[in-house]
Amino acid sequence: MDFGAVTDVAYEVEPLGEKNGDCACCGKVTRAIWGIIHAEGAETVASYFVNWTVGADLADHPANMDLIIGAWGEGTGAPDRVAVSLLYSVVETGPAVMVIDAGGRNIAKNPLVGAALGRDEVVGTPVAALAFGLFDAVFLQDARFKP
């Protein structure tokens with residue numbers, strides 16, 4: 001997969017579904033949203049799933065974003081896509097996004113995913129630049145993402 005080819009384009013976010021639940025550790029309401037991300041010109045490049053605990057301090061209770069990145073559409077399948085997971089929190093210097101291992105997340109079991117990438121497989125690669133660009137697009141365009 002050539003991940004560098006879609007890092008210098010504009011993205012359009014298409015929100016799809018959402019649901020609420022309860023946080024297992026604190027009992028507060030959790031929120032999950034999902035959708036797809038298109039490159040300029042309507043080519044789908046990823047799907048996203050975001051979950052966070054509503055009203056919780058992001059320093060102690062970060063938000064998770066799981067991405068399925070790769071080729072979509074007719075003639076493609078799970079081997080054409082990878083899972084990448086990000087953690088959004090607040091640190092002393094402000095908001096921060098970091099790559100975490102996707103293998104330990106539910107996204108790794110998704111039948112649309114060919115491989116769940118570990119942090120060491122993403123950091124410092126074109127996949128990282130792409131994942132952070134996709135995060136920015138969702139953060140800026142999906143009005144539901146307000147942890």
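No value in this document is a laboratory result; all are computed from the given coordinates. Predicted model only: the values in this text are computed from it and were never measured. Quick reminder, even Gly has a Cβ in these numbers, built from the backbone with ideal geometry, and neighbours come from all protein chains shown.
Taking only Cα atoms and a 10 Å spring cutoff, compute GNM fluctuations for the chain and point out the largest among THR93, THR44, THR125.
It is THR93.
Evaluate the distance, in nm, between pseudo-label points positioned 7 Å from the Cα of ALA24 and of ASP60 along their respective Cα→Cβ axes.
Distance between the two pseudo-spin positions: 2.0 nm.
Starting from the 7 Å offset along Cα-to-Cβ, what nm value, one decimal, do you get for the label separation of ALA108 and GLN141?
3.0 nm
How many angstrom separate the Cα center of the range 80-113 from the Cα center of the range 31-63?
When both Cα centres are located, 10 Å separates them.
Evaluate E = 1/(1 + (r/R0)^6) for GLU92 and ALA71, where r is the Cβ-Cβ distance and R0 equals 30 Å; express this FRET efficiency to the nearest 0.05.
0.15
Which shape class applies to the range 8-69: rounded if a/c is under 1.5, otherwise prolate when a/b exceeds b/c and oblate if not, where a ≥ b ≥ c are the square roots of the Cα gyration tensor eigenvalues?
prolate
Setting aside same-chain residues fewer than 8 positions from LYS28, which lysines have a Cα under 18 Å from its Cα?
The reachable lysines, counting only those whose Cα sits under 18 Å from LYS28, are LYS19, LYS146.
Between ALA46, ALA96, ALA131, find the one with the highest GNM mean-square fluctuation for the chain; connect C-alpha pairs within less than 10 Å.
ALA96
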